[in-house]
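Novice: Quick one: the structure is below, and I'll ask about it shortly.
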Amino acid sequence: MNITKILAIETSCDETSAAVVADGKYILSNVISSQIKFHREFGGVVPEIASRKHIENIVPVVRRALMEARCDFEDIDAVAVTQGPGLVGALLVGLSFGKAAAYALNVPLIGVNHLVGHIYAGFLTGEEVNFPLISLVVSGGHTSIIYIKNHGDFEILGQTRDDAAGEVFDKVARAMGLGYPGGPEIEKLARKGDAQRIKFPRAWLEEGSYDFSFSGLKSAVLNYLHNAKQRKEEVSFEDTAAAFQEAVVDVLVEKTIRAASEKEVDTILLVGGVAANQRLREEMASSADKKGLKLIVPPPILCTDNAAMIACAAYYQLKMGNCSDLFLNAEADLQL
């Protein structure tokens, strides 16, 4: 029986990752080199630093991925790489390596949309995934509800009009003097707080809209903190974090469940970096269960940026004959 092994590379932001995945479902290796410690002092990702670190990391990360997968370059049947969206300098590092590897090995090159990669992380859980389905892709750069009829058939129902959910987590955390990345810090504080103590707004937008807007919520939290400081009032960061997190989760869950009901699907995929948030997982699971919907959420390591999800997406593109040529270029704002 022929087994298709895909070497994938992901460098869209500040993680250098390489993975080897067999037949789109068996993760033989998934190496992730994080740059968080280099960006933490700046409170966010510095594109120039990210690009330079990718250059330093890409070769040792790929070597380790091959070693952990117990295979050589000659065992690779295709090379997949993130084409976009992302930081263009960072993308170019992975793309250049991927094109060189595919050319040297004389194997297909497959450019993958980063959002599609996140979606296919749900196909690596071992659970059966049935079409059609609804996917909520929620991360530092994206917040989208996507209706998926079949492999390669995507319809964006709604997306963020301003700040993405993960981005607003980081900005609120920074205003509270917390570390970077802000999501885990907010979640940690929120566990000790009372979400009902402070009332922050929910932006539902127009009736029936599946779009998101979190800039108003961000402003409300920043104003609350600023006004309390001006009045020299003591602020409970635990309650603030809990109330803010609840406001984000409420909107994400309600719109996703409504989309699933309207499209009459049986399955929801919850993917992306913010999908690692335990409160979001719990609320989405509870709401899905009440509606009789199946919820699939990847383990946290597959929620954040990783190459295994890129390899999985590439496998299905390869089956459809959707390969790239060596003129493939990075696209910072690549659309789905």
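Novice: Please give the Cα centre distance for the range 22-50 versus the range 62-90, rounded to the nearest Å.
Specialist: Centre-to-centre distance over Cα atoms comes out at 13 Å.
Novice: Another question about this same structure. To the nearest µm²/s, what D does Stokes-Einstein give for the range 213-263 at 4 °C and 1.567 mPa s, using the Kirkwood radius over alpha carbon pairs as Rh? Write down the numbers at each step before the final one.
Specialist: On the way: Rh = 12.5 Å.
Estimated diffusion coefficient is 103 µm²/s.
Novice: Expected output is a single nm value to one decimal: the length gained when fully extending between F38 and L326, i.e. 0.36 nm times separation in residues minus the C-alpha distance. What is it? Can you show the working numbers first?
Specialist: Details: separation 288, 0.36 × 288 = 103.68 nm, distance 3.21 nm.
Going from the current span to full extension adds 100.5 nm.
Novice: Another one. I'd like to compare 290-296, 163-169, 38-44: which one has the highest average count of other Cβ atoms within 10 Å, and what's the full order after that? Mind showing how you got there, number by number?
Specialist: Details: 290-296: 15.3, 163-169: 25.4, 38-44: 13.7.
Ranking, from highest mean packing down: 163-169, 290-296, 38-44.
Novice: Alpha carbon centre of the range 315-336 versus the range 125-140: separation in Å?
Specialist: Between the Cα centre of the range 315-336 and that of the range 125-140, the gap is 20 Å.
Novice: Gap in Å between the Cα centre of the range 164-183 and the Cα centre of the range 205-247?
Specialist: Result: 12 Å between the Cα centres.
Novice: Now, a different point. For K229, go through the lysines and keep the ones whose alpha-carbon is under 21 Å away, minus same-chain ones fewer than eight residues off.
Specialist: Qualifying lysines at Cα under 21 Å: K171, K199, K218.
Novice: If we sort 119-130, 75-86, 18-29 on the protection proxy, mean other Cβ atoms within 10 Å, highest first, what's the order?
Specialist: So the order, starting with the most tightly packed, is 75-86, 18-29, 119-130.
Novice: Output the relative contact order of the chain, whole-number percent, from Cα pairs under 8 angstrom with separation of 6+ residues.
Specialist: Numbers: 738 pairs, mean separation 83.9, N = 336.
Relative contact order for the chain comes out at 25 percent.
Novice: Under a GNM of the chain (C-alpha, springs under 10 Å), which listed residue has the highest mean-square fluctuation: L326, L91, L66?
Specialist: L326
Novice: Also, I was wondering about something else. What relative contact order, as a whole-number percentage, does the range 130-297 give when Cα pairs under 8 Å and 6 or more residues apart are counted?
Specialist: Working: 311 pairs, mean separation 47.3, N = 168.
Normalised by residue count, the contact order of the range 130-297 is 28 percent.
Novice: Can you check what the Kirkwood hydrodynamic radius comes to for the range 180-290, Cα pairs only, in Å to one decimal? All intermediate terms of the calculation are to be shown ahead of the outcome.
Specialist: Working: mean 1/r = 0.0659 Å⁻¹.
15.2 Å is the Kirkwood radius here.
Novice: Still on this model: Quick one: what do you get for the range 43-190 if you divide its Cα Rg by 2.2 N^0.38 Å? Before the final figure, lay out each step's value.
Specialist: On the way: Rg = 18.0 Å, N = 148, 2.2 N^0.38 = 14.7 Å.
Dividing the Cα radius of gyration by 2.2 N^0.38 Å gives 1.23.
Novice: Right, next: In Å, what Rg and Dmax follow from the Cα atoms of the range 246-334?
Specialist: 16.1, 49
Novice: Hydropathy at least -1.0 by Kyte-Doolittle, axial extent at least 30 angstrom from the Cα trace: which helices of the chain, defined as entire DSSP H runs, fit? Present the calculation step by step, with values, prior to reporting the outcome.
Specialist: Working: long enough: 237-263 (39 Å, 0.09).
Those that clear 30 Å and a mean of -1.0 are 237-263.
Novice: Picking from V116, V107, V249, which is most flexible by a Gaussian network model of the chain using Cα springs under 10 Å?
Specialist: Among V116, V107, V249, the largest GNM mean-square fluctuation belongs to V107.
Novice: With each pseudo-label sitting 7 Å past Cα toward Cβ, what's the Q196-E68 distance in nm, one decimal?
Specialist: Label at Q196, label at E68, 4.4 nm between them.
Novice: What distance in nm separates the two pseudo spin-label positions at L222 and T4, each 7 Å out from Cα along the beta-carbon direction?
Specialist: According to this spin-label approximation, the distance is 4.6 nm.
Novice: Right, next: Any lysines with Cα under 17 Å of the K99 Cα? List them, leaving off those in the same chain fewer than 8 positions away.
Specialist: K5
Novice: Please give the peptides 263-271, 203-211, 138-146, 189-197 ranked by average Cβ packing (other Cβ atoms within 10 Å per residue), highest first, as a rough proxy for protection.
Specialist: Values: 263-271: 20.3, 203-211: 13.2, 138-146: 24.7, 189-197: 16.2.
Descending packing order for the listed peptides: 138-146, 263-271, 189-197, 203-211.
Novice: Could you calculate the FRET efficiency of K25 with A104 from 1/(1 + (r/R0)^6), where r is the beta carbon distance between them and R0 is 22 Å, rounded to 0.05?
Specialist: Numbers: r = 27 Å, r/R0 = 1.21.
Efficiency for this residue pair is about 0.25.
FYI, it's all coordinate maths here, none of it is from the lab. This is a predicted model, so every value here is computed, not measured. Cβ coordinates were reconstructed from backbone atoms using ideal geometry, including for glycine residues, and neighbour counts include every protein chain displayed.
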